Amino acid sequence: MSNLLEVKNLEVSFHTYAGEVKAVRGVSFEAKAGECLAIVGESGSGKTVTSKAVLGLIATPPGDVKKTSEIIFDGQNIMNYSEKEWRAYRGKDAAMIFQDPMTSLNPTMKVGKQIMESILLHSKVSKDEAKKRALELLKMVNIPNPEERMNQYPYEFSGGMRQRVVIAIALACNPKLMIADEPTTALDVTIQAQIIDLLKKIQKENNTAVVMITHDLGVVAGMADDIIVMYAGRIVEKGTVYEIFNEPKHPYTDALLKAVPNLKNENKSELRIIPGTPPDLIAPPKGCGFASRCQYCMGICKEQSPEYTKFSDSHEAACWLNHPMAKEVYGIKDIKEVFEDGK
């Protein structure tokens, strides 16, 4: 299957009074039509900045997307777009479900009008046709009494219903690419499941490429085809869902998985945590960004950034533990043996 989206060497910085914050540092990945790519990592790892760059939403100043970056959508480098072309691209070709629906919806505008706004902007249709399409979208996202809800304001909706409205707006023009930034945050478990089922249905029926940004590895396991693990503005590991969950090759990925509560654990067993804090990206470390928090850290980890080691066509990780010399030191054949000893 061909790639709908290709991001190559994406670098994004923010110029602040304290200095240049290098939020995204050389990120490259692909997303295929009809599949879901999940981007996971702690807050501040660069997930949302990456997604906003794909939609041309990095405000300049203070943001700065480096000219060496490439974002290729449907075979075209959109980094060369004019502001008019960006506006035509957003909503029609690519759409985003923002993290907090209450702040992404206009509190002074009725919900129906907000959905119609995108349809009227990108399609040559009458207001009546746009209204009809808005009603169809509300029904599609399972909003009860859509005719009545069309004339209500966002504050009259529950959190889960507002998230459905945001999804309806994102779907208004049948985009080829949908970016979902923490779409289930602050929702209860039942509503989370409904939102995920809805996104999976949309992805399958419309052959939409979905880029899911989340902290929730449970959501990732049930939704994604491929996973990118980000830390300190870089991708530390990428692979299929099976490869990341069953054969992690980076200590950070392993630590994230071990931090998830397990039903098999005893009631009094302590939850695993990742000690320390992410590095300051005003002065990024010259070696591995995870070195200061890694229990397997070696001298070279602090001095030199590791290259990617490929394990399959879909799986690669940037960690010195995968280097043949490190395997000799530890007396192992696979990094998994180190993780098992350190559990």
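The values are calculated or read from the model by the stated rules, or taken from the named source; none is laboratory data. Given the structure is predicted, the values throughout are model-derived calculations rather than measurements. Heads up, the Cβs are rebuilt from the backbone with ideal geometry, glycines too, and the neighbour counts pull from every protein chain shown. For the accessible areas, the whole protein counts, side chains as well, though only heavy atoms, and no ligand, DNA or RNA atoms are used. Shrake-Rupley method; radii C 1.70, N 1.55, O 1.52, S 1.80 Å.
Excluding ligands, DNA and RNA, the accessible surface per residue across the stretch 166-290 is 46 Å² with a 1.4 Å probe.
Considering only DSSP beta bridges whose two residues both sit in the chain, what percent are antiparallel, to the nearest 5? Mind showing how you got there, number by number?
Working: 31 of 50 bridges.
Roughly 60 percent of the beta bridges in the chain run antiparallel, per DSSP.
Taking label points 7 Å from Cα along the Cα-to-Cβ direction, residue 201 and residue 325 give a separation of 5.6 nm.
Take every Cα pair under 8 Å whose residues are at least 6 apart in sequence, average their separation, divide by the length of the stretch 17-88, and the relative contact order is 19 percent. Label zone of residue 28 (point 7 Å out along Cα→Cβ, amide N under 19 Å): in the stretch 296-328 this covers 305-320.
Quantify, in whole percent, the carbon and sulfur part of the accessible surface of the stretch 44-112 (1.4 Å probe; protein heavy atoms only). Show your work: numbers first, answer last.
Details: 1790 of 3470 Å².
Ligands and nucleic acids excluded, carbon and sulfur give 52 percent.
In this structure, the pairs whose alpha-carbon distance is over 30 Å, taken from 32/327; 92/249; 47/258; 92/310; 8/200, are 32/327; 92/249; 92/310. Comparing 157, 209, 273 along the charge dipole axis of the chain, the residue lying farthest to the positive side is 157, per the Cβ-charge model. Accessible surface area normalised per residue over the stretch 1-149 is 52 Å², counting heavy atoms of protein chains with a 1.4 Å rolling probe.
Segment residue 245..residue 142, full-extension length gain: 33.9 nm, with 0.36 nm per residue of separation and the alpha-carbon distance subtracted.
How do 170-177, 108-115 rank on mean C-beta neighbours within 10 Å, highest first?
Values: 170-177: 20.5, 108-115: 18.1.
In decreasing order of mean packing, 170-177, 108-115 become 170-177, 108-115.
For the stretch 147-235, rounded, prolate or oblate, judged on the Cα gyration tensor with a ≥ b ≥ c (square roots of eigenvalues), a/c < 1.5 rounded, else prolate if a/b > b/c? Verdict is prolate for the stretch 147-235. Computed extension length for residue 57-residue 156: 32.8 nm, one decimal, from 0.36 nm per residue of separation with the Cα-Cα distance subtracted. Based on Cα contacts under 8 Å between residues 6+ apart, the stretch 173-290 shows a relative contact order of 18 percent.
Test of the criteria: in the stretch 195-288, which GluC sites (Glu not before Pro) are in a DSSP loop and have at most 16 other Cβ atoms within 10 angstrom of their Cβ? Show your work: numbers first, answer last.
Details: sites: 205, 237, 243, 266, 270; in loops: 266, 270.
Of the GluC sites (Glu not before Pro), the ones in loops of the stretch 195-288 whose Cβ has at most 16 other Cβ atoms within 10 Å are 266, 270.
Dipole magnitude for the stretch 41-135: computed about the Cα centre from +1 point charges on Lys and Arg Cβ and -1 point charges on Asp and Glu Cβ, it is near 400 debye. Computed over neighbours whose Cβ is under 14 Å from that of residue 56, the net charge equals 0, Lys and Arg +1, Asp and Glu -1.
Among the listed pairs 22/302; 67/124; 52/110, a Cα-Cα separation exceeding 28 Å is found for 67/124. Per residue, the average separation of C-alpha pairs within less than 8 Å and at least 6 apart gives the chain a relative contact order of 19 percent.
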